[in-house]
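**Q** Below you will find the structure I want to go over with you.
The values are calculated or read from the model by the stated rules, or taken from the named source; none is laboratory data. Everything quoted here is computed from the prediction, not taken from an experiment. Cβ coordinates were reconstructed from backbone atoms using ideal geometry, including for glycine residues, and neighbour counts include every protein chain displayed. With ligands, DNA and RNA removed, areas are computed over all heavy atoms of the protein, side chains included. Shrake-Rupley method; radii C 1.70, N 1.55, O 1.52, S 1.80 Å.
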Amino acid sequence: MTKSTTVFTNARLAEGVLRDIHVESGRISAIEAAGSVTPSAEVIDIGGELLVPGFVEGHIHLDTSFYGDKWMPHRPCTNGFDVQERVTFQAENMAAAAPMDKRARDQLDLCIANGTLSMRSHVMVDGAVGLKSLETILAVREDYRDVIDIQLVAFPQSGILRSPGTPALLDEAIGLGADLVGGLDPASFDRDVTGHLDVVFGVAEKHGVDIDIHLHDAGSMGAFTIEEICARTVALGMQGHVAISHAYGLGDLGADAARKIAATIAKSGVSIMTNAPGNHNFPPVALLRREGVTVFSGSDNIRDSWWPYGDGDMLHRAEIIGYRSGFYTDEDLKAVFDIVTSESAKALRIESYGIEIGAKADFVTLSAANIPEAVVAFPGNRRVFKGGRVVAQGGKRV
């Protein structure tokens with residue numbers, strides 16, 4: 001035991017037992033029975049509260065949130081949900097918003113205070129904005145590097161084929177520092193599934209990066225696009241490196257069709273992200289998980305041009321997914337907790353995650369007796385530790 005060791009004593013683990021978590025150099029070095037503290041160690045008493053891994057925010061937009069800015073009234077679409085119209089509204093709203101770096105920092109502070117310590121953010125990269133948004137968010141990420149781990153997706157919000165210059169910009173974005181390449185509704189937005197995916201998978205293959213594609217398309221159009229993405233993933237040996245965000249169309253299918261496509265998704269290793277939005281069908285979480293699909297989650301939009309909701313709390317997001325999915329049993333509630341922790345970590349390919357020896361000491365304390373209670377109560381007043389160092393408590397960044 002060295003003087004650099006910190007012992008988090010009286011920590012209640014998910015199994016219900018009290019343990020002492022020993023941390024050295026930002027990683028968990030030992031997990032022992034409560035009371036294992038030695039005089040040479042710094043001691044932080046968890047006081048019997050539940051100690052869980054830091055939450056994983058699997059899908060967010062740091063460049064477009066208005067959180068911390070003036071209130072932005074929501075503008076409904078003129079004739080039902082329309083992605084292209086929402087993109088137009090977003091451009092108009094952002095022109096009148098506070099500077100992007102301030103809004104991004106406000107949103108990050110909110111998420112960190114709620115216990116998020118790993119994140120994947122999509123950032124607009126297309127002919128409409130060029131690389132400006134990415135450059136701004138890359139600078140913010142650098143400033144927060146010791147507080148939260150952030151993956152950035154080069155996201156073609158205005159399409160790829162219909163937005164001149166976007167294929168080259170996506171390629172350049174990876175060289176600039178983006179970690180993944182994204183896409184957006186290949187069929188309905190660009191009206192060319194093959195051409196759209198040629199660009200996305202081409203950039204990914206060239207640079208050896210992962211893929212995360214927005215897919216809002218409903219019904220059979222959405223299902224067809226999912227099958228095409230899965231086929232490409234397998235053909236290129238990219239199993240475990242591709243995600244589809246939203247995949248609303250999966251929620252439109254009958255039980256037999258849903259099981260069939262779920263098996264295809266599982267075989268391809270493609271992950272599915274859902275935030276269980278209130279006004280859309282969304283993927284059948286329980287069915288997908290039974291078939292072996294990795295399902296993860298994120299806040300998506302927080303007070304932006306798409307909707308006025310969002311609190312940056314992934315535990316509350318778990319409650320929303322559970323509520324909308326009809327999850328009631330303890331096992332169901334544990335499963336939805338996994339979706340915002342270990343399953344999201346798997347989808348984002350985060351290494352050394354969890355409450356185990358050798359893992360990063362990234363964890364959160366919750367005033368709850370167990371995981372199911374935490375999901376339905378999403379208690380506040382959390383303490384948040386990154387590498388064993390407190391970074392937030394009482395709902396605020398430290």
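**Q** Is at least one residue of the stretch 175-193 farther than 25 Å from Q151 by Cα, in a helix (DSSP H, G or I) and either polar (S, T, N, Q) or over 20 Å from the mean Cα position of the chain (by Cα) (or both)?
**A** yes
**Q** Here is a further query. Out of all the residues in the stretch 282-290, is one or more touching a residue at least 60 places away in the same chain (Cβ under 8 Å), out of contact with any Pro (no Cβ under 9 Å at 6 or more places or on another chain) and aromatic (F, W, Y)?
**A** No, every residue in the stretch 282-290 fails to be touching a residue at least 60 places away in the same chain (Cβ under 8 Å), out of contact with any Pro (no Cβ under 9 Å at 6 or more places or on another chain) and aromatic (F, W, Y).
**Q** Now for a different question. Does D300 meet the test of being of a type in the set (D, E) and open to solvent by less than 50 Å² (accessible area, probe 1.4 Å)?
**A** Against the criterion (of a type in the set (D, E) and open to solvent by less than 50 Å² (accessible area, probe 1.4 Å)), D300 qualifies.
To keep it simple, each residue is scored yes or no on (1) under 30 Å from M94 (Cβ atoms); (2) among the hydroxyl-bearing types (S, T, Y); (3) more than 18 Å from the chain's Cα centre (by Cα).
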site	(1), (2), (3)
G310	yes, no, no
Y328	no, yes, yes
E356	no, no, yes
E373	no, no, yes
N381	no, no, yes
F385	no, no, yes
V391	yes, no, yes
K396	yes, no, yes
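**Q** Moving on. Among the numbered conditions (1) assigned to a loop (DSSP other than H, G, I, E, B); (2) touching a Leu at 6+ places or on another chain (Cβ under 9 Å); (3) of a type outside the set (K, R); (4) buried (at least 23 other Cβ atoms within 10 Å of the Cβ), tell me where S305 comes up short.
**A** Here S305 clears every test but (2).
**Q** Sticking with this structure for a sec: Would you mind stating whether V83 is closer than 21 Å to L184 by Cβ, among the β-branched types (V, I, T), surrounded by fewer than 19 Cβ atoms within 10 Å (Cβ to Cβ) and out of contact with any Cys (no Cβ under 9 Å at 6 or more places or on another chain)?
**A** yes
**Q** Could I ask something else about it? For the stretch 312-323, how many residues meet the condition of being within 14 Å of the chain's Cα centre (by Cα), assigned to a helix (DSSP H, G or I) and either on the phi > 0 side of the Ramachandran plot or surrounded by fewer than 21 Cβ atoms within 10 Å (Cβ to Cβ) (or both)?
**A** Selection size over the stretch 312-323: 1.
**Q** Restricting attention to the stretch 9-42, report how many residues are without any contact (Cβ under 8 Å) to a residue 40 or more places away in the chain and open to solvent by 70 Å² or more (accessible area, probe 1.4 Å).
**A** Total meeting the criteria: 6.
**Q** Could you list, in sequence order, the residues of the stretch 324-370 that are of a type in the set (F, W, Y) and either open to solvent by less than 30 Å² (accessible area, probe 1.4 Å) or touching a residue at least 12 places away in the same chain (Cβ under 8 Å) (or both)?
**A** F327, F337, Y353, F363
Here is a yes/no grid of residues against (1) in a strand (DSSP E or B); (2) surrounded by 18 or more Cβ atoms within 10 Å (Cβ to Cβ):
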position: H59; (1), (2): yes, yes
position: S65; (1), (2): no, yes
position: H74; (1), (2): no, no
position: Q90; (1), (2): no, yes
position: R103; (1), (2): no, yes
position: V123; (1), (2): yes, yes
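**Q** Okay, moving on. What about I272, is it in a helix (DSSP H, G or I) and not charged (D, E, K, R)?
**A** It is false that I272 is in a helix (DSSP H, G or I) and not charged (D, E, K, R).
**Q** If you don't mind, there's one more thing I want to ask. With the checklist (1) under 20 Å from T5 (Cβ atoms); (2) in contact (Cβ under 8 Å) with a residue 40 or more places away in the chain in hand, flag the one item R86 doesn't pass.
**A** Only one criterion is unmet by R86, namely (1).
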